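Any read-out appearing in this document is the output of simple, stated calculations on the displayed coordinates, not a laboratory observation. All values reported here derive from a predicted model rather than from experimental measurement. All Cβ positions, even for glycine, are placed from backbone atoms using ideal geometry, and neighbour counts span all protein chains on display.
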There are 2 protein chains.
Amino acid sequence: MKQSHTTPDVSVDVVLLTLDEGMLKVALHKRASAPGKGSLALPGGYVHVDEDASLEATAYRVLREKTGLEPRYLEQLRTFGGPERDPRGWSVAVSHVALIPHGELSQAGAGVFHFYDVDDLPDLAFDHAGQIQEAVQRVRNKASYSTLPCWLLPELFTLTQLQGIYEQIFGETVSRGTFRSRLGIRVSEVTPGESADEADILIATEQFQGGNQRPARLFRVNRLSLFKRAFW
Amino acid sequence: MKQSHTTPDVSVDVVLLTLDEGMLKVALHKRASAPGKGSLALPGGYVHVDEDASLEATAYRVLREKTGLEPRYLEQLRTFGGPERDPRGWSVAVSHVALIPHGELSQAGAGVFHFYDVDDLPDLAFDHAGQIQEAVQRVRNKASYSTLPCWLLPELFTLTQLQGIYEQIFGETVSRGTFRSRLGIRVSEVTPGESADEADILIATEQFQGGNQRPARLFRVNRLSLFKRAFW
């Protein structure tokens, strides 16, 4: 390896998004140390070359250490680098975006995270506001041709909950019929142990949610079809 | 900054793509030094913290130093990192993809680059084969909803040349009429100094190419509409 003064620092940041009260929100914490002590920032940390097997492993470790969280959906967003973004010198931040149901996040992140509407951000440390803007744009774009928003729901969800998620992301209300035809849903009824067809977006389970009169069937996402079809 | 043994090395690699003899090809060079001396690799190099203003600046500097090239289209692909990808230790490679017309590339890169069909790659150093596969997938995906392939043409091009580029990328021949309707072309006739409408994909110039009988009008890309419409 090269001398330390010629090598940038490398950290991983995570834009952790959730839906709360009908708004897409980002999880921020107050920095405990300088630079930017006390200011709001994304969760993140340096790559530990002695323990991390990949950049994604760094992202998972950082979240685990801060909150015990392990998001089911995490992808790399983009890498930011330059001499100005951190006062300590030339630095590289490999930014990730993760989606997580609000119930899970607020439980694991209690006392650590504060939630802010992504369209009304407070002042943030470093270039974190820019990272959040890019992450939100990515999620809104991908929502139009993928099942990405499903990851904002619990593992099992009703079709009504799914419709609510899409409406919240796009800020548009649609009728139940319109939603289902736009979604072009193909639902597979898979018995446990059997595998789903790649063409099916959702997998119907044998479980139902509440209601004495009309219990709603619970679905889960078919991981095989994650980016297979236009949704919206 | 941290001690050098706890910080990964950071380099930038560029997947330089071009169209040659109807095939999408990648520019590779033979490594002059260890590790992997003599093996084929993507152009790349370490971030120089004393001179580079950003990761993109590193990518442009590396290409300039190797060949004098400055691609008109360059974007970040993804960042690869881990303890195994380089025998020198934990390393991070910020991978970029660039598109360049073959005439420009073969002139500037003469004696430096060798060109290989992206669907029939030789053995490559490090994780460069994986980087190329991701870059090609990205370009083929984006080609279906953007003017990206235009960057494989010279700055001024005819509609016939443009059609040829799309056919080469997708491996499908279409009639002239079908191509133009799929393209949904909106052409703006802009006089010098005037700015184009964001809705127009191509800008008609006052220049024509060859042919005594039916000279073909030359067009250029409207940068404002780069990712505005579905193409294919």
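Things to note:
- Sorted from shortest to longest, the distances between the B:H114 label points of this copy and the other copies are 5.8 nm, with each point 7 Å from Cα along the line through the beta carbon.
- The separation of region B:55-73 from region B:89-155, counted between C-alpha centres, amounts to 13 Å.
- For region B:4-143: relative contact order, % (alpha-carbon pairs under 8 angstrom, 6 or more apart): 32 percent
- Across identical copies of the chain, B:S33 has label-point separations of 3.4 nm, listed in ascending order, with the point defined 7 angstrom from Cα along Cα→Cβ.
- Using a 7 Å Cα-to-Cβ projection, A:E134 label spacings across copies, nm, ascending: 1.4
- Averaged over B:55-61, number of beta-carbon atoms from partner chains that fall within 10 Å: 2
- Highest-first arrangement of A:35-43, A:95-103, where packing means the average Cβ count within 10 Å: A:95-103, A:35-43
- Annotation: peptides A:48-58, A:113-123, ranked by per-residue average of other Cβ atoms within 10 Å with the highest first, follow the order A:48-58, A:113-123.
- Computed over all pairs of different Cα atoms, the Kirkwood value for the hydrodynamic radius of region B:4-143 is 15.2 Å.
- Mean per-residue shielding of peptide B:32-42 is 0, counting Cβ atoms of other chains within 10 Å of each Cβ.
- Charge dipole of region A:113-184 about the Cα centre (unit charges at C-beta), most positive-ward option of A:L162, A:V136, A:T178: A:T178
- Calculated on alpha-carbon atoms, Rg and Dmax of region B:46-123 in Å: 14.2, 39
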